[in-house]
Amino acid sequence: MSTGALDTQAFIEFMLAQNVLKFGEFTLNSGRVSPYFFNMGSVSDGAAFARLGQAYADAILAAEIDFDVLFGPAYKGIPIAVATAIALSAQGKNVGVAFNRKEAKDHGEGGMLVGAPVSGRVLLVDDVLTSGKAIRSAVELISATGAQISGAVIAMDRQEVIDADQPKAAQTTAVATLAKDLDAPVISIAKMSDLVGYLAVSDNAAASATLARMREYQALFCLE
């Protein structure tokens, strides 16, 4: 049974084993060439989703966030919310699960929201925050119901600045901006700085070369 304690190194190793986390050379939507890529869509079997849900549950329990409903923004947030709710239930915390459709359904029950009633305190879960577009769209739907946003939990905080043209002292990250806009915490299971720390204690030549590229990228585009 989990104790709610986070093990960031174990989570990074799990993400590597699942091919969610890759090191190499990847062009992002922003045009930046990143030395790593994070794609939660690579999680694809029951055992992996059970482990993933437990990691999110541990992060939630460690943060001691009060909430009534887990909300997973479509699409990657949906299986995360389900897996997390199952893991929390095993810990004695039973909460509702809801998610949104990408497009409104015009037959049957209709509407954009699916699952538990979106009311009370709502906690969002998603994979990685880049622009925050998916979470912000979900927040608009949730706010329209009158529910309160308790915060958000993500797997990876890239810690990248969204205003690189500003002086360093004035720069901020997507996560920090979202937390400010929500007036609620945004919790991450792992961060870019955790990846650097993980590579720094790895004793092989490939890790050493990757570490140099990660540190260069971190110095150019990230805030700790």
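Starting from the eigenvalues of the Cα gyration tensor, five times each then square-rooted, give me the equivalent ellipsoid semi-axes of the stretch 168-224, largest first, whole Å. Numbers along the way, then the final one.
On the way: eigenvalues 152, 38, 7 Å².
Taking √(5λ) for each Cα gyration eigenvalue gives 28, 14, 6 Å.
What ranking do 215-224, 134-143 get when scored by the average of other Cβ atoms within 10 Å per residue, highest first?
Working: 215-224: 14.6, 134-143: 18.5.
The peptides rank, most packed first, as 134-143, 215-224.
Highest mean first, what order results for 21-29, 118-126, 202-210 on Cβ atoms within 10 Å? Walk me through the numbers before you get to the answer.
On the way: 21-29: 13.3, 118-126: 22.8, 202-210: 11.7.
Result, highest mean first: 118-126, 21-29, 202-210.
What number comes out for accessible area per residue over the chain if the probe is 1.4 Å? Units Å², please.
Values: 10900 Å² over 224 residues.
That works out to 49 Å² for each residue.
From the alpha carbon gyration tensor of the stretch 12-66, can you work out the equivalent ellipsoid semi-axes (sqrt of 5 times each eigenvalue) and give them in Å, largest to smallest?
On the way: eigenvalues 129, 48, 16 Å².
So the three semi-axes of the stretch 12-66 are 25, 15, 9 Å.
Taking the Kirkwood radius as the inverse of the mean 1/r across Cα pairs, report the Rg/Rh of the stretch 28-128.
Working: Rg = 15.1 Å, Rh = 14.8 Å.
Value, to two decimals: 1.02.
Order these peptides, 87-94, 153-160, 173-180, 189-196, by their mean beta-carbon neighbour count within 10 angstrom, highest first. Don't skip to the answer; put the middle values down first.
Values: 87-94: 14.5, 153-160: 23.9, 173-180: 18.4, 189-196: 20.6.
Output ranking for 87-94, 153-160, 173-180, 189-196: 153-160, 189-196, 173-180, 87-94.
Leaving ligands, DNA and RNA out of it, report the carbon-plus-sulfur percent of the accessible area of the stretch 113-224 at a 1.4 Å probe.
After summing per-atom areas, the C and S share lands at 53 percent.
How large is the convex hull of the Cα atoms of the stretch 86-167 per residue, expressed in Å³ as a whole number?
Working: hull volume 11.2 nm³, N = 82.
Given the Cα convex hull of the stretch 86-167, per-residue volume reads 137 Å³.
Going out from 0 in 10 Å bins, what whole percent of all Cα-Cα distances in the stretch 63-207 drops into each bin?
Histogramming the stretch 63-207 at 10 Å steps yields 11, 37, 30, 16, 5, 1 percent.
The values are calculated or read from the model by the stated rules, or taken from the named source; none is laboratory data. A quick note: this is a predicted structure, and the numbers were derived from the prediction, not measured. FYI the Cβ positions are ideal-geometry reconstructions off the backbone, even for glycines, and counts take in every protein chain you see. When the accessible area is computed, the model is the full protein with side chains, heavy atoms only, and any ligands, DNA or RNA have been set aside. Shrake-Rupley method; radii C 1.70, N 1.55, O 1.52, S 1.80 Å.
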